[in-house]
Amino acid sequence: MATGLGFGHPLTPGTWLRPLGPSLRRLVIAILALAILLWATIPAAISRLTDPSAIDQVALTGPRGPQCLRLILAGDVSGSMTQYAAAEQAAVNQFLTWAPTNLRPDDEIGVLSFAGSIAWNRRPAPANASTMTTGTPANMSDGTALSPVINGIGSLPASGCRTALALLSDGQMQDLPAPQDARAMQVAAGIDDLSLLVPSAGIDRPTDWNTTFPAAMGTVFDGTDPNATGLTFAHLVARLTEQTLRKL
C-alpha cells in the first residue's frame, strides 16, 4: 500500500475538490487564496496596532558614519506657541533621558528657547551628560525672531561635529532673510542642517518660510502630546545619523 501523500491522498485538494462542480471548485479555491492572503497580512496588522507610542519604546539601529552630531533643539516660546510649551518641555526631558544610550559620547545636545531673543536651557553638552533643561526662561523679548537663534549658534565654540538646528515653531518669524541670503547665513553660523518641527496639522506655514528655506518645509506632529513630540525628536535623529528606529 502506498503511504506517500501524492495526488489522490485523502488530505490533498485533488481528492476532495474533484467531486465538486467547476464553478464551486473555483469558488473554494478563491476562498482559500483569500484566506491565505489575509493570514499573510495579520503580522503587519498586529505590528501597526502596536506601533511605538513613546520615545522609550524605540532605539537607533544600523551603521553610522564617523562624524559626531551637535543637535540644537530651539523651542519657540512666543505667544502663538503657548499651548505646546508643557508638552515640549516634557518631551525634551524624555529625549535627554533617551539620548545617552542611543547617541555617541561625543555627540552634543543643546536646548534653547526663543522669541524676540534667546536663552539657553542647556548649552551644547555631551549626549551622556546628566544636565537637564530648566523650562522656559523668563524676561525674553517680545516677537519671534530667527536671527538671535542663528547668531547664538554661530557664537558657540567651534565643533568638528555636524551641527543641526531643529526649530519647534509655527514658522512665523519677523526677520526671515531674503532667500538668496539664507544659505550664507546658515553657512556663516556653521549650521549644516535646518529642520522645522510644526506642532499641529492646523498650522499653515507662511509662504515666505517655504520660499526662504525650501529644504526645511516642516515635519508635522501633535505638539500637545509629549510622547508624540519625543518620538518626533527620535525620528529627527535617525534621519540625521542615517539610521533607523527599532521598536523595543
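In table form, for the structure just shown:
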{"read-out": "Mean Cα-pair separation over length for region 167-248, i.e. relative contact order, pairs under 8 Å, 6 or more apart, %", "value": "29"}
{"read-out": "Distance (nanometres) between label positions extended 7 Å along Cα→Cβ at N151 and D181", "value": "1.3"}
{"read-out": "Accessible-area value, V92, 1.4 Å probe, nucleic acids and ligands omitted, Å²", "value": "10"}
{"read-out": "Antiparallel bridges, percent of DSSP beta bridges restricted to region 105-235 (to nearest 5)", "value": "45"}
{"read-out": "Distance between region 74-119 and region 181-248 - C-alpha centres, whole angstrom", "value": "13"}
{"read-out": "Shape call, region 148-248: gyration tensor on alpha carbons, a/c limit 1.5", "value": "oblate"}
{"read-out": "Distance in nm between pseudo-label sites at S200 and T101 (7 Å out along the Cβ direction from Cα)", "value": "3.5"}
{"read-out": "Net lengthening on full extension, S159/L248 (0.36 nm per residue, minus Cα-Cα)", "value": "28.8 nm"}
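The values are calculated or read from the model by the stated rules, or taken from the named source; none is laboratory data. Everything numeric in this text was worked out from a predicted model, so none of it was measured. No Cβ is skipped: glycine too gets one built from the backbone with ideal geometry, and neighbour counts run over all protein chains shown. Remember, those area values only see protein heavy atoms, side chains included, never the ligands or the DNA or RNA. Shrake-Rupley method; radii C 1.70, N 1.55, O 1.52, S 1.80 Å.
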